[in-house]
Number of protein chains: 2
Amino acid sequence: MSLLVVGSIAIDSVETPFGKVDEALGGSAVYISVAAGYFTAPVRLVAVVGGDFPERHRAFLEEHNIDLEGMQVVQGGKTFRWGGRYHYDLNNRDSLYTELNVFETFKPVIPEKYGRSSYVCLGNIDPALQRQVLEQVAKPRLVVGDTMNYWIESKPDELLKTLRVMDVIILNESEARLLTQKPNLIVAAKSIIAMGPSVVIVKKGEHGALLVTKDTIFSAPAYPLETIFDPTGAGDAFAGGFVGWVAKTDDVSPGNLRKAVIYGSTLASFCVERFSVDGLRDLTYLQIRDRYRSFMELSRLDEV
Amino acid sequence: MSLLVVGSIAIDSVETPFGKVDEALGGSAVYISVAAGYFTAPVRLVAVVGGDFPERHRAFLEEHNIDLEGMQVVQGGKTFRWGGRYHYDLNNRDSLYTELNVFETFKPVIPEKYGRSSYVCLGNIDPALQRQVLEQVAKPRLVVGDTMNYWIESKPDELLKTLRVMDVIILNESEARLLTQKPNLIVAAKSIIAMGPSVVIVKKGEHGALLVTKDTIFSAPAYPLETIFDPTGAGDAFAGGFVGWVAKTDDVSPGNLRKAVIYGSTLASFCVERFSVDGLRDLTYLQIRDRYRSFMELSRLDEV
């Protein structure tokens with residue numbers, strides 16, 4: 001089924017203990033779309049770039065089944081750029097620079113043919129813009145959204161309004177605690193459900209992920225990677241794998257959302273094995289299915 | 001099958017954000033034995049108390065199928081006492097006092113009839129004493145041991161010698177990282193396997209537990225408790241549930257060790273629901289089995 005993705009496109013320079021990459025393709029909408037493109041195609045992308053956006057990055061997106069009609073190009077403008085350096089344990093990073101450039105004045109305009117999209121994934125952008133997207137889409141079947149500590153702290157009221165129109169919110173442990181001021185993650189997730197979304201997914205990095213609804217909890221394991229090259233985009237690859245699987249199967253049942261969490265974790269695990277989007281460059285259906293099965297094996301338990 | 005447990009018996013005073021308990025029964029050997037006693041009986045306990053050890057605590061142990069022949073009573077001596085206060089988020093605690101008393105000179109003496117014990121669980125005591133226990137037991141089928149940051153930092157050489165004679169080591173996340181100096185938990189667990197034990201269990205609190213062997217990894221979810229009254233003893237209750245299940249079934253196969261991890265988690269989850277050993281006071285087989293099934297439900301995933 002049709003999937004609309006809105007978010008950022010960036011040019012990233014990233015340093016980790018294992019190496020460095022310059023002028024790489026990045027941004028939330030990129031990771032989400034590329035991951036989702038392994039399940040459903042073409043993914044409808046709405047984002048903005050400058051006239052400097054490299055042809056090779058555009059080609060990469062096209063090769064990954066992404067429809068670029070909604071990608072605004074601001075001639076004479078510069079693409080959003082971000083530079084970061086990860087610490088030794090990869091759990092913390094310093095932003096070296098953040099140049100918003102054309103992203104600063106980004107107004108998502110949904111092309112008419114995207115106006116009927118069954119599934120919508122709102123990458124991490126200003127929550128007010130996330131709502132503007134939804135105003136241009138007729139009754140999507142499922143709205144999946146991401147956010148981050150920056151918006152929780154700087155635009156809490158806008159974020160609360162946006163949460164009311166999201167079906168699934170994906171955030172990480174510290175964001176869930178920050179948003180709710182509850183140290184217990186289960187209590188935090190349930191508090192977020194009271195804010196609007198019927199499904200809360202809490203990403204816990206090396207500890208896996210939790211999918212929490214009003215009545216159920218699903219605990220997904222993490223894939224036991226011994227070496228993580230570059231954590232950049234893992235959260236967005238998770239969102240893309242999750243929403244891509246749901247859009248492919250057009251099934252929002254609780255059992256299928258559990259599977260979608262594992263497909264999200266699968267794409268995230270591939271993502272961090274290489275720099276930038278390289279981990280998502282050449283996956284095959286067989287590789288994805290094999291890793292899904294490894295996830296099942298990780299938590300397999302026989303009957304009592 | 002026969003199970004021998006060696007560790008500490010303490011009288012605890014504990015304060016959490018939810019309340020306070022004074023002069024409560026505590027100590028690693030207590031939590032391990034009581035938890036294990038739900039699976040296999042009588043549990044053979046070797047530990048030391050002073051002449052001041054309250055009759056009600058002795059009665060509690062007897063009521064829980066614990067054989068006290070190996071409990072040394074030092075008349076005129078005082079029982080090990082510990083006082084602690086947990087912080088708001090329950091992840092950190094301050095020790096208010098630690099009076100080792102008779103525990104300071106504890107030398108485990110294994111009664112002759114315990115000399116053939118199929119299963120041995122070594123609670124958190126000096127690693128040199130843990131080895132002394134094993135020297136008094138003829139070829140146990142499985143040796144399960146616990147340790148803590150204190151021994152990792154103060155007696156690393158003794159601990160390394162003891163690790164060589166343990167089959168299963170149970171430790172928490174930060175202890176695994178401290179022992180190996182590896183930030184990645186999977187790498188840390190595999191480094192510990194290289195030190196001797198064939199099975200490493202890493203307890204991760206609210207994130208569940210990992211069981212790591214040379215070739216396999218099992219990721220166990222945490223039970224989603226919204227309120228934890230008192231975390232004291234949770235790790236020992238885990239060890240007791242784990243080793244108790246293995247001793248009951250006399251089955252050390254990989255599939256059964258996975259089940260044992262869930263039974264360990266089950267007993268730990270009951271433990272923290274009340275103060276001190278009260279959470280383990282009156283459990284029924286039905287309650288334990290129901291919670292085991294809830295654990296299965298938490299990670300249940302249909303086929304691809």
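Every number in this text was worked out from the coordinates using simple rules, so none of it is lab data. It should be emphasised that the depicted structure is a prediction, and the values quoted were computed from it without experimental measurement. So basically every Cβ, Gly included, is an ideal-geometry build from the backbone, and we count neighbours across all protein chains shown.
Identify the chymotrypsin sites (Phe, Trp or Tyr not before Pro) of region A:1-41 meeting these criteria: DSSP loop state and at most 15 other C-beta atoms within 10 Å of the C-beta.
A:Phe18
Report, as an integer, the average count of C-beta atoms from other chains found within 10 Å of each Cβ along B:294-302.
Whole-number average of other-chain Cβ neighbours for B:294-302 is 6.
To the nearest 20 debye, what charge dipole does the protein assembly as shown have about its Cα centre, counting +1 at the Cβ of each Lys and Arg and -1 at the Cβ of each Asp and Glu?
Magnitude of the dipole: close to 760 debye.
Quantify how strongly other chains surround peptide B:256-262 by giving the mean number of their Cβ atoms within 10 Å of each of its Cβ atoms.
Counting other chains' Cβ atoms within 10 Å and averaging over B:256-262 gives 2.
Between rounded, prolate and oblate, where does the protein assembly as shown land on the alpha carbon gyration tensor, with a ≥ b ≥ c its root eigenvalues, rounded for a/c under 1.5, else prolate if a/b exceeds b/c?
The shape class here is prolate.
Would you please state which residues of region A:94-120 a label at A:Leu129 would reach in this model, taking the label point 7 Å out along Cα→Cβ and a backbone N cut-off of under 13 Å?
The answer is A:99-110, whose backbone nitrogens lie closer than 13 Å to the label point.
Projecting each Cα onto the charge dipole of the protein assembly as shown (Lys/Arg +1, Asp/Glu -1 at the beta carbon, about the Cα centre), which of B:Val137, B:Gly27, B:His207 comes out farthest on the positive side?
B:Val137
Please figure out what share of the DSSP beta bridges in region B:3-298 is antiparallel and state it in percent, rounded to the nearest 5.
So the antiparallel bridges amount to about 40 percent of the total.
For region A:56-86, run through the GluC sites (Glu not before Pro) and keep only the ones in DSSP coil with at most 15 other Cβ atoms within 10 Å of their Cβ. Don't jump to the answer; show the numbers that get you there.
Details: sites: A:Glu62, A:Glu63, A:Glu69; in loops: A:Glu69.
Qualifying residues, ordered by number: A:Glu69.
Kindly provide the trypsin sites (Lys or Arg not before Pro) of region A:122-214 that DSSP labels as loop, not H, G, I, E or B, and whose Cβ sees at most 13 other Cβ atoms within 10 Å.
Values: sites: A:Arg131, A:Arg141, A:Lys161, A:Arg164, A:Arg177, A:Lys190, A:Lys203, A:Lys204, A:Lys214; in loops: A:Arg141, A:Arg164, A:Lys204, A:Lys214.
Filter output for region A:122-214: A:Arg164, A:Lys214.
For labels at A:Asp278 and B:Ser174 in the simple 7 Å Cα→Cβ model, what's the distance in nm?
Taking the two extended label points, one gets 3.6 nm.
Toward the positive end of the charge dipole of the protein assembly as shown, about the Cα centre and with charges on Cβ (Lys, Arg +1; Asp, Glu -1), which of A:Val168, A:Ser8, B:Phe229 goes farthest?
The listed residue farthest towards the positive side: A:Val168.
Tell me, what is the FRET efficiency for B:His87 and A:Ser294 to the nearest 0.05, using R0 = 60 angstrom and their Cβ-Cβ distance as r?
Calculated value: 0.95.
Which percent, to the nearest 5, of DSSP beta bridges fully inside the protein assembly as shown are antiparallel? Please report the intermediate quantities before stating the final value.
Working: 40 of 102 bridges.
Within the protein assembly as shown, antiparallel bridges account for around 40 percent of the total.
Copy-to-copy spacing for B:Lys155, label 7 Å out on the Cα-to-C-beta vector, in nm, shortest first?
5.8
Let me confirm the definition first: pairs of Lys residues in chain B, 8 or more apart or on different chains, C-alpha distance under 22 Å. How many are there?
Taking the Cα cut-off of 22 Å, the pair count is 28.
For region A:3-298, rounded, prolate or oblate, judged on the Cα gyration tensor with a ≥ b ≥ c (square roots of eigenvalues), a/c < 1.5 rounded, else prolate if a/b > b/c?
It is rounded, given that a/c, with a ≥ b ≥ c, falls under 1.5.
Any idea what the A:Ile193 label distances to the other copies are, label 7 Å down the Cα→Cβ vector, nm, shortest first?
3.7
Rounded if a/c is under 1.5, else prolate if a/b beats b/c, else oblate: with a ≥ b ≥ c from the C-alpha gyration tensor eigenvalues square-rooted, which is region A:1-153?
It comes out prolate by the Cα gyration axes.
Would you kindly work out, in nm and rounded to one decimal, the distances from the label point of A:Asp290 to those of the same position in each other copy, ordered shortest first, with label points 7 Å along Cα-to-Cβ?
Going from nearest to farthest copy, the values are 4.4 nm.
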